[in-house]
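Right, one structure below, let's go through it.
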Amino acid sequence: MTNERETNPFNPQFGKRPRQFIGRELIINDFLQSLNDSNDPNRTTIITGIRGSGKTAILSDIHQSLDLKTHAIINVTAQDGMLLEILDEFIRNGKGKSWFGKGFDDIQGFSAGALGFSVGLTKKNENEAHSFRFLLSGLLDELKAKKIKTVFLIDEVHNDTGDMREFATTYQHLVREEYDVALMMAGLPSSVNDVLNDKILTFLRRARRVELENINIKAVEIAYEQAFSNAGRTFLGDALRESAKSTEGYPYLIQLLGFFLFKNGSRAIDGKLARQSLELAKIELFKNVHDMLFRELSIKDHEFLFAMAEDESVSDFAAVKERLHVSPGYASKYRLRLLIAGMIRPAGHGKLAFAPPYMREYLIEKLGK
(Lines give C-alpha, C1' and ligand atoms only; values in the text may rest on other atoms or scores of the structure.)
Protein backbone atom coordinates (compact mmCIF):
# COMPACT_ATOMS: atom_id res chain seq x y z
CA MET A 1 0.00 0.00 0.00
CA THR A 2 0.99 3.68 -0.32
CA ASN A 3 3.55 4.92 2.16
CA GLU A 4 1.78 7.33 4.53
CA ARG A 5 4.44 9.98 3.82
CA GLU A 6 3.77 9.81 0.07
CA THR A 7 1.15 12.29 -1.09
CA ASN A 8 -1.03 11.07 -3.93
CA PRO A 9 -0.41 13.51 -6.82
CA PHE A 10 -3.90 12.89 -8.22
CA ASN A 11 -6.98 14.52 -6.73
CA PRO A 12 -10.44 13.52 -8.01
CA GLN A 13 -12.28 15.88 -5.65
CA PHE A 14 -14.65 18.25 -7.43
CA GLY A 15 -13.89 21.95 -7.15
CA LYS A 16 -10.26 21.56 -6.10
CA ARG A 17 -7.31 22.13 -8.37
CA PRO A 18 -5.40 18.84 -8.73
CA ARG A 19 -1.61 18.78 -8.43
CA GLN A 20 -1.49 17.03 -11.81
CA PHE A 21 -3.42 19.63 -13.81
CA ILE A 22 -3.16 18.57 -17.44
CA GLY A 23 -3.96 20.21 -20.75
CA ARG A 24 -5.64 23.52 -19.82
CA GLU A 25 -2.54 25.75 -19.83
CA LEU A 26 -3.41 27.66 -23.02
CA ILE A 27 -6.88 28.65 -21.79
CA ILE A 28 -5.47 29.87 -18.49
CA ASN A 29 -2.54 31.72 -20.05
CA ASP A 30 -4.78 33.47 -22.60
CA PHE A 31 -6.96 34.82 -19.80
CA LEU A 32 -4.04 35.85 -17.58
CA GLN A 33 -2.34 37.62 -20.49
CA SER A 34 -5.56 39.51 -21.25
CA LEU A 35 -5.26 41.30 -17.92
CA ASN A 36 -2.41 43.32 -19.42
CA ASP A 37 -4.50 44.60 -22.34
CA SER A 38 -7.91 46.19 -21.81
CA ASN A 39 -8.83 45.50 -25.46
CA ASP A 40 -8.04 41.78 -25.36
CA PRO A 41 -11.25 39.79 -26.12
CA ASN A 42 -10.16 37.08 -23.67
CA ARG A 43 -10.94 39.49 -20.83
CA THR A 44 -14.52 38.21 -20.90
CA THR A 45 -14.41 34.45 -21.27
CA ILE A 46 -17.13 31.83 -20.86
CA ILE A 47 -16.08 28.22 -20.31
CA THR A 48 -18.48 25.35 -20.97
CA GLY A 49 -18.14 21.64 -20.39
CA ILE A 50 -19.93 18.69 -18.88
CA ARG A 51 -19.38 17.70 -15.25
CA GLY A 52 -15.83 16.59 -14.64
CA SER A 53 -14.36 18.47 -17.60
CA GLY A 54 -12.26 20.75 -15.39
CA LYS A 55 -14.23 24.03 -15.36
CA THR A 56 -13.90 24.75 -11.65
CA ALA A 57 -10.26 23.64 -11.62
CA ILE A 58 -9.51 26.29 -14.26
CA LEU A 59 -11.12 28.98 -12.10
CA SER A 60 -9.12 27.75 -9.11
CA ASP A 61 -5.88 27.81 -11.11
CA ILE A 62 -6.48 31.39 -12.22
CA HIS A 63 -7.24 32.41 -8.64
CA GLN A 64 -3.98 30.85 -7.43
CA SER A 65 -2.00 32.46 -10.26
CA LEU A 66 -2.95 36.06 -9.46
CA ASP A 67 -1.08 38.42 -7.15
CA LEU A 68 -3.40 39.22 -4.26
CA LYS A 69 -1.64 42.54 -3.72
CA THR A 70 -2.55 43.87 -7.15
CA HIS A 71 -5.80 42.03 -7.89
CA ALA A 72 -9.19 41.92 -6.20
CA ILE A 73 -10.40 38.39 -6.96
CA ILE A 74 -14.17 38.03 -6.69
CA ASN A 75 -14.86 34.29 -6.74
CA VAL A 76 -18.55 33.35 -6.42
CA THR A 77 -21.19 30.88 -7.62
CA ALA A 78 -24.14 32.09 -9.68
CA GLN A 79 -27.12 31.90 -7.35
CA ASP A 80 -29.63 34.05 -5.49
CA GLY A 81 -27.64 36.17 -3.08
CA MET A 82 -24.54 36.33 -5.28
CA LEU A 83 -24.58 40.14 -5.24
CA LEU A 84 -24.11 40.09 -1.49
CA GLU A 85 -21.37 37.49 -1.94
CA ILE A 86 -19.62 39.79 -4.38
CA LEU A 87 -19.64 42.60 -1.81
CA ASP A 88 -18.39 40.19 0.85
CA GLU A 89 -15.54 39.19 -1.45
CA PHE A 90 -14.51 42.85 -1.78
CA ILE A 91 -14.49 43.08 2.01
CA ARG A 92 -12.35 39.96 2.29
CA ASN A 93 -9.97 41.06 -0.48
CA GLY A 94 -9.51 44.53 0.98
CA LYS A 95 -9.02 43.46 4.59
CA GLY A 96 -5.79 44.87 5.95
CA LYS A 97 -4.82 46.50 2.64
CA SER A 98 -6.33 50.01 2.97
CA TRP A 99 -7.89 49.69 -0.47
CA PHE A 100 -11.16 51.42 0.41
CA GLY A 101 -12.05 54.66 2.15
CA LYS A 102 -14.92 56.02 4.19
CA GLY A 103 -17.54 55.34 1.55
CA PHE A 104 -16.87 51.62 1.84
CA ASP A 105 -16.91 51.72 5.64
CA ASP A 106 -20.38 53.26 5.54
CA ILE A 107 -21.94 50.14 4.00
CA GLN A 108 -23.98 48.44 6.68
CA GLY A 109 -26.11 45.84 4.99
CA PHE A 110 -27.90 44.53 1.97
CA SER A 111 -31.59 44.18 1.12
CA ALA A 112 -33.39 43.00 -1.99
CA GLY A 113 -35.48 45.60 -3.76
CA ALA A 114 -39.23 45.24 -3.96
CA LEU A 115 -39.54 45.52 -7.74
CA GLY A 116 -38.01 43.40 -10.49
CA PHE A 117 -34.36 42.68 -9.98
CA SER A 118 -33.50 45.99 -8.31
CA VAL A 119 -31.14 45.93 -5.40
CA GLY A 120 -30.93 48.25 -2.40
CA LEU A 121 -27.77 48.66 -0.36
CA THR A 122 -28.49 50.13 3.05
CA LYS A 123 -26.00 52.60 4.47
CA LYS A 124 -25.72 54.03 7.96
CA ASN A 125 -28.23 56.65 7.00
CA GLU A 126 -31.32 54.45 6.45
CA ASN A 127 -32.83 57.00 4.07
CA GLU A 128 -29.87 56.63 1.74
CA ALA A 129 -30.01 53.57 -0.53
CA HIS A 130 -28.20 52.89 -3.78
CA SER A 131 -28.19 50.27 -6.52
CA PHE A 132 -25.67 47.45 -6.79
CA ARG A 133 -24.15 49.18 -9.82
CA PHE A 134 -23.74 52.47 -7.94
CA LEU A 135 -21.97 50.88 -5.00
CA LEU A 136 -19.80 48.59 -7.12
CA SER A 137 -18.72 51.50 -9.30
CA GLY A 138 -17.75 53.42 -6.18
CA LEU A 139 -15.57 50.55 -4.99
CA LEU A 140 -13.96 50.19 -8.39
CA ASP A 141 -13.24 53.93 -8.49
CA GLU A 142 -11.16 53.50 -5.35
CA LEU A 143 -9.40 50.42 -6.72
CA LYS A 144 -8.73 52.18 -10.01
CA ALA A 145 -7.01 55.03 -8.18
CA LYS A 146 -4.69 52.46 -6.57
CA LYS A 147 -4.14 50.59 -9.86
CA ILE A 148 -5.83 47.44 -8.54
CA LYS A 149 -7.41 45.16 -11.15
CA THR A 150 -10.67 43.33 -10.40
CA VAL A 151 -11.16 39.77 -11.67
CA PHE A 152 -14.62 38.19 -11.41
CA LEU A 153 -14.66 34.36 -11.40
CA ILE A 154 -18.21 33.00 -11.52
CA ASP A 155 -18.98 29.29 -11.45
CA GLU A 156 -22.13 27.31 -12.32
CA VAL A 157 -23.50 30.12 -14.48
CA HIS A 158 -27.19 30.03 -15.43
CA ASN A 159 -29.93 32.57 -16.08
CA ASP A 160 -32.47 31.35 -13.52
CA THR A 161 -31.61 34.02 -10.97
CA GLY A 162 -32.24 37.76 -11.00
CA ASP A 163 -28.89 38.31 -9.33
CA MET A 164 -27.08 36.82 -12.33
CA ARG A 165 -28.89 39.17 -14.69
CA GLU A 166 -28.21 42.13 -12.38
CA PHE A 167 -24.53 41.33 -12.26
CA ALA A 168 -24.20 40.74 -16.01
CA THR A 169 -25.88 44.01 -16.96
CA THR A 170 -23.78 45.86 -14.38
CA TYR A 171 -20.60 44.29 -15.73
CA GLN A 172 -21.51 45.46 -19.23
CA HIS A 173 -21.65 49.04 -17.94
CA LEU A 174 -18.33 48.62 -16.13
CA VAL A 175 -16.66 47.58 -19.37
CA ARG A 176 -18.17 50.52 -21.26
CA GLU A 177 -16.98 52.87 -18.53
CA GLU A 178 -13.46 51.45 -18.87
CA TYR A 179 -12.99 50.06 -15.39
CA ASP A 180 -10.07 47.65 -15.08
CA VAL A 181 -12.20 44.51 -14.80
CA ALA A 182 -12.09 41.01 -16.26
CA LEU A 183 -14.58 38.15 -16.12
CA MET A 184 -14.36 34.38 -16.47
CA MET A 185 -17.57 32.40 -16.13
CA ALA A 186 -18.02 28.64 -16.20
CA GLY A 187 -21.13 26.52 -16.60
CA LEU A 188 -22.73 23.42 -18.06
CA PRO A 189 -23.33 23.60 -21.83
CA SER A 190 -27.12 23.81 -21.59
CA SER A 191 -26.98 26.46 -18.84
CA VAL A 192 -24.50 28.62 -20.76
CA ASN A 193 -26.64 28.23 -23.87
CA ASP A 194 -29.63 29.59 -21.92
CA VAL A 195 -27.56 32.54 -20.71
CA LEU A 196 -26.39 33.40 -24.22
CA ASN A 197 -29.98 33.24 -25.53
CA ASP A 198 -31.32 35.47 -22.73
CA LYS A 199 -32.60 38.72 -24.24
CA ILE A 200 -31.25 40.71 -21.29
CA LEU A 201 -27.76 39.20 -21.54
CA THR A 202 -27.16 39.43 -25.29
CA PHE A 203 -23.85 41.29 -24.88
CA LEU A 204 -22.31 38.06 -23.51
CA ARG A 205 -22.55 36.59 -27.00
CA ARG A 206 -19.51 38.71 -27.82
CA ALA A 207 -17.49 37.06 -25.04
CA ARG A 208 -14.87 34.48 -25.93
CA ARG A 209 -16.50 31.06 -25.57
CA VAL A 210 -14.35 28.04 -24.79
CA GLU A 211 -15.84 24.57 -25.04
CA LEU A 212 -13.63 22.22 -23.05
CA GLU A 213 -12.49 19.25 -25.06
CA ASN A 214 -10.95 16.06 -23.76
CA ILE A 215 -7.21 16.10 -23.11
CA ASN A 216 -4.86 14.68 -25.75
CA ILE A 217 -4.07 11.06 -24.85
CA LYS A 218 -0.34 11.55 -25.42
CA ALA A 219 -0.39 14.41 -22.90
CA VAL A 220 -2.09 12.10 -20.40
CA GLU A 221 0.54 9.44 -21.01
CA ILE A 222 3.37 11.89 -20.43
CA ALA A 223 1.75 13.23 -17.24
CA TYR A 224 1.22 9.72 -15.85
CA GLU A 225 4.79 8.70 -16.64
CA GLN A 226 6.23 11.79 -14.95
CA ALA A 227 4.02 11.57 -11.86
CA PHE A 228 4.74 7.90 -11.20
CA SER A 229 8.42 8.14 -12.13
CA ASN A 230 8.84 10.97 -9.60
CA ALA A 231 7.50 8.58 -6.97
CA GLY A 232 9.87 5.81 -8.00
CA ARG A 233 7.24 3.74 -9.81
CA THR A 234 7.30 2.12 -13.23
CA PHE A 235 4.70 1.01 -15.76
CA LEU A 236 5.34 -2.40 -17.29
CA GLY A 237 4.71 -3.33 -20.91
CA ASP A 238 1.74 -1.50 -22.42
CA ALA A 239 0.23 -0.55 -19.05
CA LEU A 240 1.12 3.15 -19.39
CA ARG A 241 -0.29 3.53 -22.89
CA GLU A 242 -3.41 1.52 -22.08
CA SER A 243 -4.04 3.46 -18.84
CA ALA A 244 -3.81 6.80 -20.61
CA LYS A 245 -6.02 5.57 -23.46
CA SER A 246 -8.65 4.20 -21.07
CA THR A 247 -9.26 7.68 -19.61
CA GLU A 248 -10.42 8.90 -23.06
CA GLY A 249 -8.81 12.21 -22.06
CA TYR A 250 -11.66 13.02 -19.68
CA PRO A 251 -10.16 15.16 -16.87
CA TYR A 252 -12.10 13.69 -13.95
CA LEU A 253 -11.34 10.13 -15.06
CA ILE A 254 -7.66 11.04 -15.50
CA GLN A 255 -7.60 12.04 -11.83
CA LEU A 256 -9.65 9.03 -10.70
CA LEU A 257 -7.55 6.43 -12.48
CA GLY A 258 -4.30 8.09 -11.44
CA PHE A 259 -5.54 8.20 -7.86
CA PHE A 260 -6.35 4.48 -7.71
CA LEU A 261 -3.15 3.46 -9.51
CA PHE A 262 -1.09 5.47 -7.02
CA LYS A 263 -3.12 4.42 -3.98
CA ASN A 264 -2.37 0.75 -4.65
CA GLY A 265 1.25 1.44 -3.73
CA SER A 266 2.79 -1.00 -6.20
CA ARG A 267 6.20 0.02 -7.54
CA ALA A 268 5.57 -1.89 -10.78
CA ILE A 269 2.26 -1.28 -12.52
CA ASP A 270 1.24 -4.03 -14.93
CA GLY A 271 -1.79 -4.48 -17.16
CA LYS A 272 -3.76 -6.37 -14.50
CA LEU A 273 -3.36 -3.60 -11.93
CA ALA A 274 -4.23 -0.98 -14.56
CA ARG A 275 -7.47 -2.82 -15.43
CA GLN A 276 -8.41 -3.28 -11.76
CA SER A 277 -7.81 0.41 -11.09
CA LEU A 278 -9.94 1.36 -14.08
CA GLU A 279 -12.88 -0.68 -12.75
CA LEU A 280 -12.61 1.08 -9.38
CA ALA A 281 -12.44 4.43 -11.17
CA LYS A 282 -15.55 3.65 -13.23
CA ILE A 283 -17.55 2.93 -10.08
CA GLU A 284 -16.80 6.45 -8.85
CA LEU A 285 -17.32 7.92 -12.31
CA PHE A 286 -20.78 6.42 -12.62
CA LYS A 287 -21.76 7.48 -9.10
CA ASN A 288 -20.37 11.02 -9.14
CA VAL A 289 -20.87 12.05 -12.77
CA HIS A 290 -23.10 9.77 -14.82
CA ASP A 291 -25.82 9.49 -12.17
CA MET A 292 -26.03 13.29 -11.97
CA LEU A 293 -26.00 13.72 -15.74
CA PHE A 294 -28.74 11.12 -16.10
CA ARG A 295 -30.96 12.69 -13.40
CA GLU A 296 -30.81 16.09 -15.11
CA LEU A 297 -32.39 14.69 -18.29
CA SER A 298 -36.02 14.07 -19.17
CA ILE A 299 -37.61 10.66 -19.74
CA LYS A 300 -37.61 11.31 -23.49
CA ASP A 301 -33.91 12.15 -23.34
CA HIS A 302 -33.37 8.82 -21.56
CA GLU A 303 -35.24 6.97 -24.29
CA PHE A 304 -33.03 8.51 -26.96
CA LEU A 305 -29.86 7.53 -25.07
CA PHE A 306 -31.08 3.98 -24.47
CA ALA A 307 -31.84 3.67 -28.18
CA MET A 308 -28.25 4.72 -28.92
CA ALA A 309 -26.91 2.23 -26.36
CA GLU A 310 -28.10 -0.63 -28.57
CA ASP A 311 -25.12 0.10 -30.83
CA GLU A 312 -21.67 -1.07 -29.81
CA SER A 313 -19.88 1.98 -31.18
CA VAL A 314 -21.34 4.94 -33.11
CA SER A 315 -25.06 5.20 -33.77
CA ASP A 316 -26.82 6.02 -37.01
CA PHE A 317 -29.37 8.77 -36.36
CA ALA A 318 -31.85 7.23 -38.77
CA ALA A 319 -31.64 3.91 -36.90
CA VAL A 320 -32.18 5.62 -33.54
CA LYS A 321 -35.26 7.36 -34.95
CA GLU A 322 -36.64 4.05 -36.16
CA ARG A 323 -36.12 2.40 -32.76
CA LEU A 324 -38.01 5.23 -31.09
CA HIS A 325 -40.87 5.06 -33.64
CA VAL A 326 -40.99 8.86 -33.88
CA SER A 327 -40.96 11.45 -36.66
CA PRO A 328 -37.70 12.95 -37.93
CA GLY A 329 -38.62 16.31 -36.40
CA TYR A 330 -39.30 14.79 -32.99
CA ALA A 331 -36.05 12.82 -33.01
CA SER A 332 -34.10 15.88 -34.18
CA LYS A 333 -35.44 17.88 -31.24
CA TYR A 334 -34.00 15.44 -28.72
CA ARG A 335 -30.79 15.01 -30.66
CA LEU A 336 -30.28 18.79 -30.40
CA ARG A 337 -31.14 18.82 -26.70
CA LEU A 338 -28.56 16.12 -25.97
CA LEU A 339 -25.93 17.78 -28.15
CA ILE A 340 -26.39 21.06 -26.26
CA ALA A 341 -26.26 19.21 -22.94
CA GLY A 342 -22.93 17.65 -23.95
CA MET A 343 -24.29 14.11 -23.64
CA ILE A 344 -23.68 13.13 -27.25
CA ARG A 345 -21.44 14.37 -30.07
CA PRO A 346 -21.40 14.17 -33.87
CA ALA A 347 -19.36 11.22 -35.17
CA GLY A 348 -19.59 11.72 -38.93
CA HIS A 349 -22.41 12.39 -41.35
CA GLY A 350 -25.64 11.20 -39.72
CA LYS A 351 -23.67 9.48 -36.95
CA LEU A 352 -23.73 10.06 -33.18
CA ALA A 353 -21.59 8.93 -30.26
CA PHE A 354 -21.73 9.34 -26.50
CA ALA A 355 -19.64 12.24 -25.18
CA PRO A 356 -18.98 11.17 -21.54
CA PRO A 357 -16.65 8.15 -21.35
CA TYR A 358 -18.24 4.75 -20.69
CA MET A 359 -21.75 6.17 -20.95
CA ARG A 360 -22.95 3.17 -22.97
CA GLU A 361 -21.65 0.83 -20.26
CA TYR A 362 -23.44 2.92 -17.64
CA LEU A 363 -26.73 2.84 -19.57
CA ILE A 364 -26.53 -0.92 -20.05
CA GLU A 365 -26.07 -1.30 -16.30
CA LYS A 366 -29.15 0.92 -15.79
CA LEU A 367 -31.14 -1.40 -18.03
CA GLY A 368 -29.93 -4.37 -16.02
CA LYS A 369 -28.40 -6.11 -19.02
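The values are calculated or read from the model by the stated rules, or taken from the named source; none is laboratory data. Just so it is clear, the structure is predicted and the values come from calculations on it, not from any experiment. When we count neighbours, we look across all protein chains shown, and the Cβ atoms used for this are built from the backbone with ideal geometry, even at glycine. For accessibility, only protein heavy atoms count, side chains too; no ligands or nucleic acids. Shrake-Rupley method; radii C 1.70, N 1.55, O 1.52, S 1.80 Å.
Some values worked out for this structure:
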| quantity | calculated |
| --- | --- |
| Antiparallel bridges, percent of DSSP beta bridges restricted to the chain (to nearest 5) | 35 |
| Charge tally in the Cβ shell below 12 Å around residue 166, where Lys, Arg are +1 and Asp, Glu are -1, residue 166 excluded | 0 |
| Amide H contacts of residue 250 (H built 1.01 Å from N, under 5 Å, at least 5 apart or other chain) | 215 |
| Portion, in percent, of the accessible area of the chain that falls on carbon or sulfur, probe 1.4 Å | 49 |
| Between segment 60-85 and segment 183-252, the Cα center-to-center distance that results, in Å | 22 |
| Percent of Cα-Cα distances greater than 41 Å, calculated over the chain | 24 |
| Around residue 29: net Lys/Arg minus Asp/Glu count, Cβ-Cβ under 15 Å | -2 |
| Cα centroid separation - segment 281-334 against segment 147-176, whole Å | 35 |
| Estimated FRET transfer efficiency when R0 is 30 angstrom, pair residue 272-residue 314 (beta carbons, to 0.05) | 0.50 |
| Given 69/95; 55/146; 300/351; 55/300, the pairs whose alpha carbons are separated by over 21 Å | 55/146; 55/300 |
| Spin-label pair residue 98/residue 38, simplified geometry with 7 Å Cα→Cβ offset, distance in nm | 2.6 |
| Burial ranking of peptide ranges 88-97, 256-265 (average Cβ count within 10 Å, highest at the top) | 256-265, 88-97 |
| Rounded accessible area per residue of the chain, 1.4 Å, Å² | 50 |
| Normalised per residue, the volume of the convex hull around the Cα set of segment 55-99 (Å³) | 62 |
| Highest to lowest packing among 49-60, 164-175, scored as the average C-beta count within 10 Å | 49-60, 164-175 |
| Amide H within-cut-off set for residue 344, under 5 Å, with H built and near neighbours excluded | 339, 355 |
| Residue-wise HN-Hα coupling along segment 67-76, computed from phi with Karplus coefficients 6.51, -1.76, 1.60 (Hz; x: Gly, Pro) | 7, 5, 7, 10, 9, 8, 9, 9, 10, 9 |
| Segment residue 177-residue 66, extension gain: residue separation times 0.36 nm, minus the distance between their alpha carbons | 37.6 nm |
| Nonlocal amide H pairs with residue 44, under 5 Å, H built at 1.01 Å | 183, 208 |
